[in-house]
Amino acid sequence: MIMDYDFTDGRKLKVGTMYCVGQNYSKHAKEMGSEMPNDPIIFIKPPNAYVSNGGKVILPSISNLPHHEVELVVVIGKDCNNVRTNDAVKYIAGYAVGLDITLRDIQNKAKKDGHPWAVAKGFRTSAPISKIVSASQFGEEIPFFALELKVNNEMRQAANTKEMERSVAVLISYLSGIFGLREGDCIFTGTPEGVGEIKHGDKLHAELKGFISLDVIVDK
Ligand code: MG
């Protein structure tokens, strides 16, 4: 099945590799019992993890502790390698709000054993993403956004992307230098504090305040 992002203006773009940043907000690093890392922590979700607005997160039975992580998602519009931070904005197609759904018990065990996070982070439906707001309306600026997540109408996470330790431009520069970025790739830019458990039947509502929202239901 080919999966596409939907833009608010009706355009579509094939979903590529999803690059995700760990511990990019200091208060979240603290709640996880970690120091801010010297180098970015990067992991990948496959395109098959994608869920569009209105879809379902299917929790795998292998976990007893699935968590929500609300994040700004940046979608890449042009292939690029070795991008300088000052040029990063040219390669952004748009912005969305996403959920980095995490099997926290599986991740904690992987951390302890020194194993990869692929199962904890990359399972099918682990990456709900809203419609994409086109970057063109912001001109040459990479804007800051207020991020929010409610679970069953109760506020769980609220922050501003200006609190990120590594900016969107820095992340594009870093990732394009190591992997190369391709049209349709996206970057989950890290979650602020307030991560917590989700369970079957929960209704998740995430927002980039004033721009776009995302609604998904948790199922099994
Ligand atoms: Mg995350």
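The values are calculated or read from the model by the stated rules, or taken from the named source; none is laboratory data. What you are looking at is a predicted structure, and each value in this text was computed from that prediction instead of being measured. Counting neighbours? That spans all protein chains shown, and the Cβs are built from the backbone with ideal geometry, glycine included. Heavy atoms of the whole protein, side chains included, go into the accessibility calculation; ligands, DNA and RNA do not. Shrake-Rupley method; radii C 1.70, N 1.55, O 1.52, S 1.80 Å.
Data overview
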| read-out | value |
| --- | --- |
| Relative contact order computed over the chain (Cα-Cα under 8 Å; 6+ residues apart), in percent | 33 |
| Anisotropy class of region 115-207 from Cα gyration tensor, a/c 1.5 cut | oblate |
| Heavy-atom accessible area order for Asp4, Asp185, Asp79, largest first, 1.4 Å probe | Asp79, Asp4, Asp185 |
| Set of region 108-147 residues, backbone N closer than 13 Å to the point 7 Å along the Cα-Cβ line of Lys56 | 125 |
| Å² of accessible area per residue within the chain, as computed with a 1.4 Å probe and no ligands counted | 46 |
| In range of the label at Thr85: residues from region 154-189 whose backbone nitrogen is under 15 Å from the point 7 Å along Cα→Cβ | 162-177 |
| Anisotropy class of region 33-141 from Cα gyration tensor, a/c 1.5 cut | oblate |
| Residue (of Leu181, Ala169, Asn82) at the positive-pole extreme of the chain, dipole from beta-carbon charges | Leu181 |
| Exceeding the 29 Å Cα-Cα cut-off - candidates Lys78/Lys162; Lys12/Lys199; Lys78/Lys112; Lys27/Lys109 | Lys12/Lys199; Lys78/Lys112 |
| Calculated log₁₀ intensity ratio I(q)/I(0) where the Debye formula runs over C-alpha points of the chain, q = 0.14 Å⁻¹ | -0.79 |
| Cut-off 16 Å, label 7 Å out along Cα→Cβ of Lys109, residues of region 44-88 by amide N | 60-67 |
